1. Go through B:224, B:122, B:36 and say which Cα lies farthest out towards the positive end of the charge dipole of chain B; charges sit on Cβ, +1 for Lys and Arg, -1 for Asp and Glu.
2. Determine the principal axes of the Cα atoms in segment B:7-223, then give the extent along each, sorted from largest to smallest and rounded to whole angstroms.
3. Measuring from label point to label point, each 7 Å out along Cα→Cβ, what is the residue A:219 to residue A:131 span in nm?
4. For segment A:91-219, state what percent of all Cα-Cα pairs lands in each successive 5 Å bin, counting from 0 Å until the bin that includes the largest distance.
5. What is the list of residues in segment B:1-39 whose amide nitrogen lies under 17 Å from a point 7 angstrom out from the Cα of residue B:69, following Cα to Cβ?
6. Averaged over peptide B:57-66, how many Cβ atoms belonging to another chain are found within 10 Å of each residue's Cβ?
7. Compute the Cα gyration tensor for chain A, then decide on rounded, prolate or oblate, letting a ≥ b ≥ c be the square roots of its eigenvalues: rounded whenever a/c is under 1.5, prolate when a/b is larger than b/c in the other cases, and oblate in all that remain.
8. Need one number: % antiparallel among DSSP beta bridges in segment B:1-126, to the nearest 5.
Amino acid sequence: MRDQNKFLSIEQALAEIKAGSRIMIGGFGLAGYPEQLVEALAASGLRDLTIISNDLGSPGVGLGKLLTNGQIKALIGNYYNWNPEVAEAYAEGRIQVTLLPQGSFAEAIRAASVGIPAFYSAASAGTDLAVGKETREFSGRTYVLERAIHADVALIKAHKADGLGNLVYYKTARNFNPIMAAAAALTIAEVDEIVPTGALDPESIVTPHIFVDVIIRSA
Amino acid sequence: MTTLVPDSEARVRIARRIAREFLEQNRKLVINLGVGIPTMVTNYIQGRDIFIQAENGMLGVGRLAGEDEIDRQLINAGRQPVTETPGCSYFDSAASFGMIRGRHVDATVIGAFEVDQEGNIANWINPNGKQLGVGGAMDLVTGAKQVIVGMQHLTRDGTAKLVKRCSMPITGFAEVDIVVTELGVFYFTDARLVLQEIAPEVSLETLTVLTEAQFVVSRNLKTITV
């Protein structure tokens, strides 16, 4: 957890990210992704990025911009059919793509956040997505060993932050954001609103502040 | 080839027949619905204790949002704007798939490119180089207690989708429990595909021609009712 002030400008926040970083980005489709952080990352021109996200938005929209700009070296994620530029770039050898079943992808991020190096899931056993992965039988069923997914940086979207950086979310904009917040070495949260410490009901806090390093407010 | 049942009628019939599968159980159920025909099931289970789970992190998904209700931060897993139901809840993606993997979801309703006579399903990718995505299909077919496939009986080219052996990349092996098409309702029982219901538009002979998979006919064969 950072000692210094967590509340930075978007320029200061972006200065924390280096070319070649592994970056988790929250969101599902166009719901719950940190719009301004993604815009700023696209404008930064930082290259050779590994982007870890559920999908890559739509062509030229949201996370899609990063691909259109040629900033991506590799993708680790789940569903790129909403952005056909991904299959194109992959077929032309411009990017690497690692696909995981959505539940295994989510759990691999969660595992990273709780210090678990790998876990077994029945999803994908015997399929093309399990090629090269270790398997093991438990009670007669085959399971695939999936490894935790770590990142240098997580860019996430939350609804509100308090003065300490505790976060609450909004409806299905929550999706991958809380698990990514806890899985990356550095977590930058974009929020709609900042409220005084103590103003959030402790029972409603989803992401405790220890997981949040930098906060920027959506303009 | 001639269309035995027009597209829109086929889709409604499949969705209504799957809804009946749930209504007849007369108990609280948690179900997950894939995109397309499966999502249409929502229309026929209103007012019952059937809770729809969306893998992007919601339990208690309501009907699709009307024009004036759209909130782009409130969507189902097919990215369609939806509404809330009383008592709905939100959770993160890992918790959502924990529900699925942990056998807390009673049924998943999904579409498919192919289902074969072994109960294998191929629905995650058409390997034409234009797609790159898996979604939650592999987690759902291995995690949900029951796997119900809702699909039209034939491809647009008129070839069978119920086949002897899947030719497309497999999503899950021997996971399918029920297949509902506009022409028939098939259950996998003791590792055999059993025709339980048949559409009024086809004879058993015609259905056999249109179904590449081998199936046996239930002694109780009925006409599809929705």
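None of the figures in this text is laboratory data; all of them are computed from the coordinates on show. Bear in mind the structure is a predicted one, so any value in this text is a computation, not a measurement. No Cβ is skipped: glycine too gets one built from the backbone with ideal geometry, and neighbour counts run over all protein chains shown.
1. With unit charges placed on the Cβ atoms, the residue in question is B:224.
2. Sorted largest first, the three principal extents are 49, 39, 33 Å.
3. My value for the distance between the label points is 4.6 nm.
4. 2, 10, 17, 17, 15, 12, 10, 8, 5, 3, 0
5. B:39
6. Counting Cβ atoms of other protein chains within 10 Å of each residue's Cβ and averaging gives 2.
7. Values: a/c = 2.04, a/b = 1.30, b/c = 1.57.
Here chain A falls in the oblate category.
8. Numbers: 9 of 16 bridges.
Antiparallel bridges make up about 55 percent of those DSSP assigns within segment B:1-126.
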